[in-house]
Every structure is written in C-alpha cells, then in structure tokens.
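Chemist: Quick one: this structure, given as structure tokens, is what I'll be asking you about.
The values are calculated or read from the model by the stated rules, or taken from the named source; none is laboratory data. All figures in this text were calculated on a predicted structure; none of them were measured in a lab. No Cβ is skipped: glycine too gets one built from the backbone with ideal geometry, and neighbour counts run over all protein chains shown. Calculation scope for accessible area: heavy atoms of the full protein, side chains included, ligands and nucleic acids excluded. Shrake-Rupley method; radii C 1.70, N 1.55, O 1.52, S 1.80 Å.
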Amino acid sequence: MLGNSQHSPRRKIFFENREDALAKLLNNLPLNFFLKEDCVVVGISFAGVYFAHKLAQTIKAPLAVLFTASIYAPNNPECEIAMATETKDVVINDSLVESFGISLDYVYGEVERQYDDKMLPLIYQHRKGNPLMSFKDKHVLLVDEGIDSGITAFASIKSMVTLQAKTIYCATPVAPLEVAKAIEETIDGVFCLYKLKDFVDVGYYYRDYTEIPVSIIEEIFTQIQ
C-alpha cells in the first residue's frame with residue numbers, strides 16, 4: 001500500500017514524513033522575501049492546511065484556506081472532470097469532458113451543487129459563514145503537501161486572479177515535472193523540491209503518509225481569522 005513503511009528498493013523516498021518535507025521546503029524557500037512583503041499564505045487542500053499553517057507561522061503572515069470540490073462524471077464517482085473553488089471558479093479537464101460527451105451545463109450545475117452541499121457548510125463550520133479575507137494587492141503563497149494532476153492548484157490560481165491578488169506563488173514539496181512547468185508559466189513563481197518526470201502520486205514519496213488527525217486540522221482552523 002502506498003505511503004506505508006514497507007517499500008521496494010526501487011522506490012524513491014524523499015521525505016520521512018510531513019515534518020521532514022515541511023522542514024526541507026522551508027529551508028529552500030526565500031523566507032526573507034515573504035517576510036518583507038504583504039503576504040497571505042493559503043492552504044488549498046485539507047492536508048495542505050498543516051503545511052500552510054506552519055509556513056504562515058514562520059513568515060508571520062495571515063493564513064487562509066480556500067475550499068474546493070471535485071466535479072465527477074455522471075454515473076462515475078471516480079472520474080474527476082473538473083475542480084471548483086468557493087469563489088465558483090472552475091478548471092475543466094476538457095479532454096475528458098469532450099470524450100464522454102459531457103455538457104458544460106452539467107459541469108456548471110455540479111459547481112453550484114457542490115458549492116451548496118460541500119463548500120458552503122465548510123465555510124459556515126470553519127469561518128462562521130464569513131467570506132475569504134481580502135487578497136486584493138496581496139502577495140499570495142498557495143501551499144499544499146504535494147501536487148498530483150495540478151487541477152486543484154490551477155483552480156486555486158483562478159480564484160486568486162478573481163480576488164485580485166498582486167502576485168501568486170506556489171510552494172509544495174513534490175509535483176509532476178510537466179504540471180510544475182505549466183504552473184510556472186501561469187504564476188509568478190513555483191517553489192518545488194522535486195519535479196519528477198515519472199511521477200506516481202504524492203504519498204509514494206513519503207515514507208510515512210498516514211492521515212493527519214482531524215483534531216489537528218480543527219485546531220488550526222480555530223486560529224484562522
């Protein structure tokens with residue numbers, strides 16, 4: 001099983017655990033730059049909240065969490081065709097949508113449904129129904145513990161553009177090479193320790209990739225303004 005302590009000799013283990021990955025990421029970030037700027041750190045997944053929180057503490061910056069939801073193909077809950085954010089920005093996997101003959105009306109209808117059913121309850125639970133803090137003219141650092149397809153990152157970037165961020169950066173320990181390149185072409189900078197051509201998945205590169213306890217994530221949310 002990926003992410004446990006048993007692995008083949010050929011497997012590439014870059015991080016002992018999340019703490020190790022976070023420490024290595026911090027050591028390779030231009031922290032002085034972010035300390036001097038009016039920066040906001042944004043976690044773009046629940047797992048990424050842990051990394052974002054530690055990074056925000058390090059550079060003494062506000063922390064925010066952008067809620068997202070996957071959109072799946074009709075009658076196929078395992079086929080992700082799009083990603084939506086709480087600002088209702090959406091990134092669509094055009095090749096999948098076209099190959100399955102899925103209408104855009106279906107996709108945008110699902111965006112509204114996921115907002116009402118999934119994202120809005122999280123906004124009320126963790127932000128008491130309040131909107132995201134203002135990102136206008138801010139330097140935004142998007143953070144996650146790893147990037148797979150990049151669809152969450154791209155949707156988050158669209159949200160930051162919508163919210164008029166001044167600059168957008170992304171920090172993550174590991175990502176597929178082509179995805180990292182595509183993100184670099186879209187925003188002001190990407191800080192990624194390992195950009196891999198033959199990428200497997202995020203957990204594959206962690207020796208210990210056990211799920212973060214809900215209590216830790218809940219505690220972090222209590223500290224977010």
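Chemist: Relative contact order (percent) for region 68-131, with alpha-carbon contacts under 8 angstrom and 6 or more residues of separation?
Modeler: Once normalised by length, the contact order is 28 percent.
Chemist: Over the chain, with every protein chain in place, what whole percent of the accessible area is carbon and sulfur at 1.4 Å, could you tell me?
Modeler: 50
Chemist: For the chain, what is the mean residue ellipticity at 222 nm derived from helices alone (per DSSP H run of n ≥ 4: -39500 (n - 2.57); sum divided by total residues; nearest 500 deg cm²/dmol)?
Modeler: Value at 222 nm, helices only, nearest 500: -10500 deg cm²/dmol.
Chemist: In whole Å, largest first, what are the principal axis extents of the Cα atoms in region 26-120?
Modeler: Extents along the principal axes, in whole Å: 49, 27, 21.
Chemist: What fraction of the Cα pairs in region 68-131, stated in percent, has a spacing above 20 angstrom?
Modeler: It works out to 27 percent of all Cα pairs.
Chemist: Give the residues of region 64-100 whose amide nitrogen is closer than 18 Å to a point set 7 Å from the Cα of residue 116 in the direction of its Cβ.
Modeler: 69-72, 84-89
Chemist: Given the options 70, 156, 215, state which has the largest fluctuation in a GNM of the chain using a 10 Å cut-off (strictly under) for Cα springs.
Modeler: Largest GNM mean-square fluctuation: 215.
Chemist: Could you list which residues have their amide H under 5 Å from that of residue 79, counting only those 5 or more apart in sequence or on another chain, with H placed in the peptide plane?
Modeler: Excluding prolines and chain starts, which carry no amide H, the hits are 73.
Chemist: For the chain, what does the accessible surface come to per residue with a 1.4 Å probe? Please give it in Å².
Modeler: With all protein chains present, the chain gives 51 Å² per residue.
Chemist: Checking the cross-link filter: which lysines have an alpha carbon closer than 24 Å to that of residue 24, excluding same-chain neighbours under 8 positions apart?
Modeler: Qualifying lysines at Cα under 24 Å: 12, 36, 54, 60, 181, 195, 197.
Chemist: To continue, here is another question. Between residue 108 and residue 181, what is the label-to-label distance in nm when each label sits 7 Å out along the Cα-to-Cβ direction?
Modeler: Label at residue 108, label at residue 181, 3.3 nm between them.
Chemist: Still on this structure, I have one more. Give me the Kirkwood hydrodynamic radius of the chain in Å, from all C-alpha pairs, to one decimal place?
Modeler: In the chain this quantity evaluates to 18.2 Å.
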